[in-house]
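Each remark here refers to the structure printed beneath this line.
The values are calculated or read from the model by the stated rules, or taken from the named source; none is laboratory data. Model, not experiment: these values are computed from the prediction. Backbone-built Cβ (ideal geometry, glycine too); neighbour counts: all protein chains shown.
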Amino acid sequence: MSQSDGRLDQPDQSDPPFDKAPWHNHPDMLNLCGLFLRSRCEQITQGLLWNFPGADHTHWHRDGRLKAVTVFVAAADYLPSAGWPLFQPCTHGEYKDHGAPREGDPPAVQVWLRKGESVLFSYQTKHAATPNGERISRLLLYGAYSARGMRDTENHGTAGGVPVVSIHDA
């Protein structure tokens, strides 16, 4: 699914070898999620986020209303100008505003990761990708963890076995 021009989300990457640890239900992530949510957790989705050369439109959004933890992992070393995520601090509590930060809001913070490094954030935290000014695509692996039995039917539901994905308007 396309998030915006030049960006692609490939959800539900759960075929072998990605159906087992360390890709699925990573023990450290289960522990962190459990501490954050004070509940036993499980992985609810995993996938790939591509940011292709020339992508310039940022799409501010939140992953969903669900209380969950998202993790991004850098697939390789990329330059800071390869389209890294922006996060708006202090936006994880209320699920009402999806647009770009406004005057008076906390300023956005860009996260630049090296190969194998991770950033964890609340599913409800407002974020976007920066433009990719490089000649190579930037790839992030992602996973989301929530309390056992919880599912994200807003973004990762199914209809007749086909994934249903909704994008929030910016």
- Note on the structure: Residue pairs qualifying under the 9 Å Cβ cut-off, at least six apart or on distinct chains, with the first in the stretch 84-100 being on the phi < 0 side of the Ramachandran plot and the second being among the aliphatic types (A, V, I, L, M) and at pLDDT below 80, are HIS98/ALA170; GLY99/ALA170; ALA100/ALA170
- Go through ASP15, ASP9 for me and flag whichever is surrounded by fewer than 20 Cβ atoms within 10 Å (Cβ to Cβ) and within 16 Å of the chain's Cα centre (by Cα). ASP9
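Can you tell me which residue is surrounded by the fewest Cβ atoms within 10 Å (Cβ to Cβ) among those in the stretch 47-70 that are within 19 Å of ASP5 (Cα to Cα) and among the small types (Gly, Ala, Ser)? Can you show your working first?
At the first step, the residues of the stretch 47-70 found to be within 19 Å of ASP5 (Cα to Cα) are 47-63.
Okay, now just the ones that are also among the small types (Gly, Ala, Ser), so 47, 54-55.
Values: GLY47: 19, GLY54: 13, ALA55: 23.
Of everything passing the filter in the stretch 47-70, GLY54 is surrounded by the fewest Cβ atoms within 10 Å (Cβ to Cβ).
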- Message: Looking at the stretch 65-89 only, could you name the residues that are closer than 15 Å to HIS127 by Cα and out of contact with any Ser or Thr (no Cβ under 9 Å at 6 or more places or on another chain)?
- Response: ARG65
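Tally the residues that are at pLDDT below 80 and either closer than 20 Å to THR130 by Cα or under 17 Å from the mean Cα position of the chain (by Cα) (or both), restricting the search to the stretch 94-105.
The first filter runs over the stretch 94-105 and keeps only residues at pLDDT below 80, leaving 94-99.
If we keep only those that are either closer than 20 Å to THR130 by Cα or under 17 Å from the mean Cα position of the chain (by Cα) (or both) too, we end up with 95, 97-99.
So the count comes out to 4.
State the number of residues belonging to the stretch 31-55 that are farther than 20 Å from PRO11 by Cβ and in contact with a strand residue (DSSP E or B) (Cβ under 8 Å, 6 or more places away or on another chain).
Taking the stretch 31-55 as the starting set, the residues that turn out to be farther than 20 Å from PRO11 by Cβ are 31-32, 34-40, 53-54.
From the residues that got through so far, the ones that are in contact with a strand residue (DSSP E or B) (Cβ under 8 Å, 6 or more places away or on another chain) too are 32, 34, 36-37, 39-40, 53-54.
Summing the residues that are farther than 20 Å from PRO11 by Cβ and in contact with a strand residue (DSSP E or B) (Cβ under 8 Å, 6 or more places away or on another chain) in the stretch 31-55 gives 8.
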- Message: Would you confirm whether or not the stretch 71-82 contains a residue that is in a strand (DSSP E or B), in contact with a helix residue (DSSP H, G or I) (Cβ under 8 Å, 6 or more places away or on another chain) and either surrounded by 13 or more Cβ atoms within 10 Å (Cβ to Cβ) or not β-branched (Val, Ile, Thr) (or both)?
- Response: yes
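Residues are listed down the side, and each one gets a yes or a no for (1) among the polar types (S, T, N, Q); (2) modelled with pLDDT under 95:
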site	(1), (2)
ASN51	yes, yes
HIS57	no, yes
HIS61	no, yes
PRO107	no, yes
VAL119	no, no
